[in-house]
Structures are given as structure tokens and as C-alpha cells.
Amino acid sequence: MKKYFSLVTFSHTIFAMPFAIIGFFLAVTTTNHRFEWPKLVMMLLCMVFARNSAMAFNRYLDRDIDALNPRTKVRDIPAGRISANAALTFTIINCSLFMATTWFINVLCFYLAPVALLVVLGYSATKRFTFLCHIVLGLGLSLAPIGAYLVVTGEFATLPVFFSLSVLCWVSGFDIIYALQDEDFDREQKLHSIPSRMGKVNALNLSSFLHILSAAFIIAPIFFTHVGIPYYVGILVFCSMLIYQHRLVKPNDLSRVNFAFMTTNGIASVVFAVLFLLDRIWIR
């Protein structure tokens, strides 16, 4: 179990899971639908199964590339801790469990499940043909708030879209920062990324622009629904973390990329989600 947790980098669920919880309770508190424990559990299971599928498939598809990259050759498949076939089997099992869980939620979630899997699995191939791979990753994680909202309501709405767009821009932006580490390697291996195409300075500028958009989309819901003081504090924390991570990483100093990637973004998502939930209680 420990090996598989390592394979899927389970700690990275800290990015999308809080926004899935936001989407779920956004639906509960802004519609006539009631809170139901079975739906919450099934939503959380879907998040785990989808992420397991995406990460395991990414490690499976990238195993040869990872073996060549000094930064990634210690990952589980190139290091020999898990076989490629085991990772692929794990992917198939989690995809099946994801589909099965959506069957018990509602018809719309079940019909959209293959689309979600196509996006989150398809990301792994994108670096081979487009520098927009970071946007595709952001798109995959941005499905969390909308998907969780659909679990509760079974119908689309405008409000969760703002949170999904914020996640899309936020994740795309910090993935660009993370990819700075592999700029030279990507060029050598003819892999596509924004840093390898645009260089460090322009990549960081684009990342900053995406994070400005992310902040704007986090702010947008205040014009469409009633929020209280905790939500405004959440905006402040989230935006502060975005600014802070850009102060940590410079074109000539990538020593704190991992801290900017994991710690600041983890704080941003978790604290914002907690404050969002407090806000839902506050306005009641």
C-alpha cells in the first residue's frame, strides 16, 4: 500500500480535494438539495479513484522518460519498486471503480465519467505534442468543483464554474513553475512545455498572469452569491499564497521550487476550503 501511495503521490490530493469539497457544499448551501452522507462519501471516492487513475497512468506512460531524467529516475517504476504492468493494472482497477461509483450517484455523473477520465488520463500524453500540457493538467483538476456540485444536484450551474476556472488557472500556473526544473531536459528530449518553449522569464510571466486570473475567479462569486467575512479572509490568504510563491522562485534561482509548489499551494487550497466552509456556517 505504501508503494502505491508513493506511485500516485497521494499527498498531492491536497490540491484538488479541497475544491471538490467546496463544490459539494456550495451545492448544499445554495440550492434546495440537502446534505447526504452517502453522496459525500461517493464524491470523495470518485476523487480518489480518478486521481489514482491519472497519476498511475502518468507514471506508466512516462516510465522511459522518467528513467532518463535525473530528477525523476528515483520514481517507483524506473527505480524498480513497482512494475509497469502493476501500475497499468492499478490504473484500470481505479478507472473501473470510478465508473462504478458514478453509476450510484446520478445519471449525469455516470454519462460524464468517461469524459472526465479522458481528460485526466489524456494529460499524460500531451507533453509529447503540445506545450499547452500545463493547461490540460489544470483542466483535469478543474473538474473537481463542478463534478462535486453535480454529485449533489445532477445539473449544471454558473457558480461552481468560477471555482473551476480558478483551479484551472491556479494549477496551470504552478505547474509551469514546477516545469522550470526540466526546461533543459525537455528540450533535449524534444518534449513540450511552456518553459522549454518560452524560457524561464516568459514562463514565469505567463504563470503570474494565470495566477492573476485565478485570483479574479476566486473573487467573482462574491457578485453572484451572499458571502461573509470568512470568505473575504479566504480570498486574502489564497491571493497571498499566490504572490508569495512567485517571490520564492526566480529565473536564476530555482532552489525553492518544490517549497513553492507543495507548501504554498497546499496552504492556499486547504486554508481557503476551511474558510469557505466556515463562511457557509457564518451566513446561515
- Query: Regarding region 176-276, what are the three Cα extents along the principal axes, ordered largest first, in Å?
  - Reply: 51, 24, 18
- Task: Evaluate the Debye formula for region 163-202 with equal point scatterers sitting on the alpha carbons, no solvent, and hand back log10 of I(q)/I(0) at q = 0.27, 0.30, 0.33 Å⁻¹, in q order, two decimals.
- Result: -0.83, -0.93, -1.03
- Query: In the chain, how many lysine pairs have Cα atoms under 21 Å apart, counting only pairs 8 or more places apart or on different chains?
  - Reply: 8
- Pick out the long, greasy-scoring helices in the chain: whole DSSP H runs spanning 30 Å or more along their own axis by Cα, mean Kyte-Doolittle at least 1.6. 133-153, 159-179
- Sequence-separation-based contact order of the chain, relative, with Cα cut under 8 Å and 6+ spacing, percent: 20
- Message: Under the rule a/c < 1.5 gives rounded, and otherwise a/b versus b/c splits prolate from oblate, where does region 44-173 land using the Cα gyration tensor?
- Response: oblate
- Quick calc, Ser96 & Asn32: beta-carbon distance into FRET formula, R0 35 Å, rounding 0.05, result 0.55
- Message: 7 Å from Cα along Cα→Cβ at both Leu278 and Leu118: what's the point-to-point distance in nm?
- Response: 4.2
- For region 70-148 the trypsin sites (Lys or Arg not before Pro) that pass both the DSSP coil test and the at-most-16 other-Cβ-within-10 Å test are Arg71, Lys73, Arg81, Arg128
- Could you list log10 I(q)/I(0) for region 26-92 at q = 0.14 Å⁻¹, which the Debye formula gives when each Cα is one point scatterer? -0.55
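Which three numbers, in whole Å and largest first, are the semi-axes of the equivalent ellipsoid of region 96-150 derived from its Cα gyration tensor as √(5λ)?
Working: eigenvalues 117, 28, 9 Å².
Semi-axes (√(5λ), whole Å): 24, 12, 7.
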- Query: How much accessible area does Leu213 have with a 1.4 Å probe, in Å² rounded to the nearest 10?
  - Reply: 60
- Here are several values of mean projected area of the Cα convex hull in nm²: (1) 14.0; (2) 17.9; (3) 26.8. Which one was derived from the coordinates shown? (1)
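The values are calculated or read from the model by the stated rules, or taken from the named source; none is laboratory data. Computed from a predicted model, the values in this text were never measured in an experiment. Reconstructed Cβ throughout: ideal geometry from the backbone, glycine too, with neighbour counts over all protein chains shown. Side chains included, ligands, DNA and RNA excluded: accessible areas come from the protein's heavy atoms. Shrake-Rupley method; radii C 1.70, N 1.55, O 1.52, S 1.80 Å.
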